[in-house]
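The values are calculated or read from the model by the stated rules, or taken from the named source; none is laboratory data. Remember, it's a predicted structure, so these values are computed and weren't measured experimentally. Virtual Cβ from ideal backbone geometry, glycine too; neighbours counted across all protein chains shown.
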Amino acid sequence: MTTPDPRTPPPEARPAPQITFYEAIGGLNAFVRLVDRFYEGVAEDPLLRPMYPEEDLAGARHRLATFLAQYWGGPKTYGEERGHPRLRMRHAVFPVSPAARDAWLQHMRVAVESLELAPLHEQTLWDYLERAAHSLVNTIDGGEAPAAGQQVPDRLQ
């Protein structure tokens, strides 16, 4: 019989393992449900739908679900497939106006609420999504996306 190492705390004294936000809200399944619900709204939105050239939105769904999963502590699929997210750069080619941001947030709000998360998880997720949406605005309502190679301003006048 071996003697327990006195430096090792007994199981009841060890801290509980930390789980990621990804795990806490249900893993990839939760993000897939979120994204599916979100794109149901986008598919019918006259302002947002033209920004998605794919007929079925499958690629956009996959990219958003894997991005969010990775961001919140899940598998690194997005990074393995696409590299660094570079959100502002990837969205700079689209006319992300305040109206487009608000439409995006409206559809995402419906999607977030459909998950029926615990209040703290819902607020944490929503805070991130709202900040991200605001950071991607690159033109005024009715304006065009910046030309290729044009610097995207940090703040619009």
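The C-beta contact set for segment 68-90 (first residue in a loop (DSSP other than H, G, I, E, B), second residue polar (S, T, N, Q), distance under 6 angstrom, 6+ apart or interchain) comprises G73/T20; K76/Q70. Could you please let me know if L47 is assigned to a loop (DSSP other than H, G, I, E, B), aliphatic (A, V, I, L, M) and farther than 23 Å from I19 by Cβ? Yes. Take the conditions under 14 Å from the mean Cα position of the chain (by Cα) and loosely packed, with under 12 Cβ neighbours inside 10 Å and apply them to R88. Does it pass? No: the conditions fail for R88.
Residue pairs whose Cβ atoms lie under 9 Å apart, sitting 6 or more positions apart in sequence or on different chains, and linking a residue in segment 11-39 that is surrounded by 15 or more Cβ atoms within 10 Å (Cβ to Cβ) to a partner that is of a type in the set (D, E) and in a loop (DSSP other than H, G, I, E, B), do not occur here. Could you tell me whether any residue of segment 44-56 is in contact with a helix residue (DSSP H, G or I) (Cβ under 7 Å, 6 or more places away or on another chain) and aliphatic (A, V, I, L, M)? Looking for residues that are in contact with a helix residue (DSSP H, G or I) (Cβ under 7 Å, 6 or more places away or on another chain) and aliphatic (A, V, I, L, M), one finds at least one in segment 44-56, hence yes.
Among the numbered conditions (1) out of contact with any helix residue (DSSP H, G or I) (no Cβ under 6 Å at 6 or more places or on another chain); (2) among the aliphatic types (A, V, I, L, M); (3) not in a helix (DSSP H, G or I), the only one that A103 does not meet is (3).
Condition check: on the phi > 0 side of the Ramachandran plot and at pLDDT below 95. Does R86 satisfy that?
Yes: the conditions hold for R86.
One residue stands out in segment 96-122 among those that are closer than 18 Å to A133 by Cβ and of a type in the set (D, E, K, R): the one that is surrounded by the most Cβ atoms within 10 Å (Cβ to Cβ), namely R101. Taken across segment 60-72, residues that are under 21 Å from T124 (Cα atoms), in contact with a Gly (Cβ under 7 Å, 6 or more places away or on another chain), surrounded by fewer than 17 Cβ atoms within 10 Å (Cβ to Cβ) and not acidic (D, E) do not occur at all. Pull out all pairs, ordered by first then second residue, where Cβ-Cβ is under 6 Å, the residues are six or more apart or on different chains, the first lies in segment 127-139 and is of a type in the set (A, V, I, L, M), and the second is in a loop (DSSP other than H, G, I, E, B). Going by the 6 Å Cβ cut-off, the qualifying pairs are L136/V96; V137/V96. Look at (1) over 16 Å from the mean Cα position of the chain (by Cα); (2) surrounded by 12 or more Cβ atoms within 10 Å (Cβ to Cβ) and you find that V42 fails only one, number (1).
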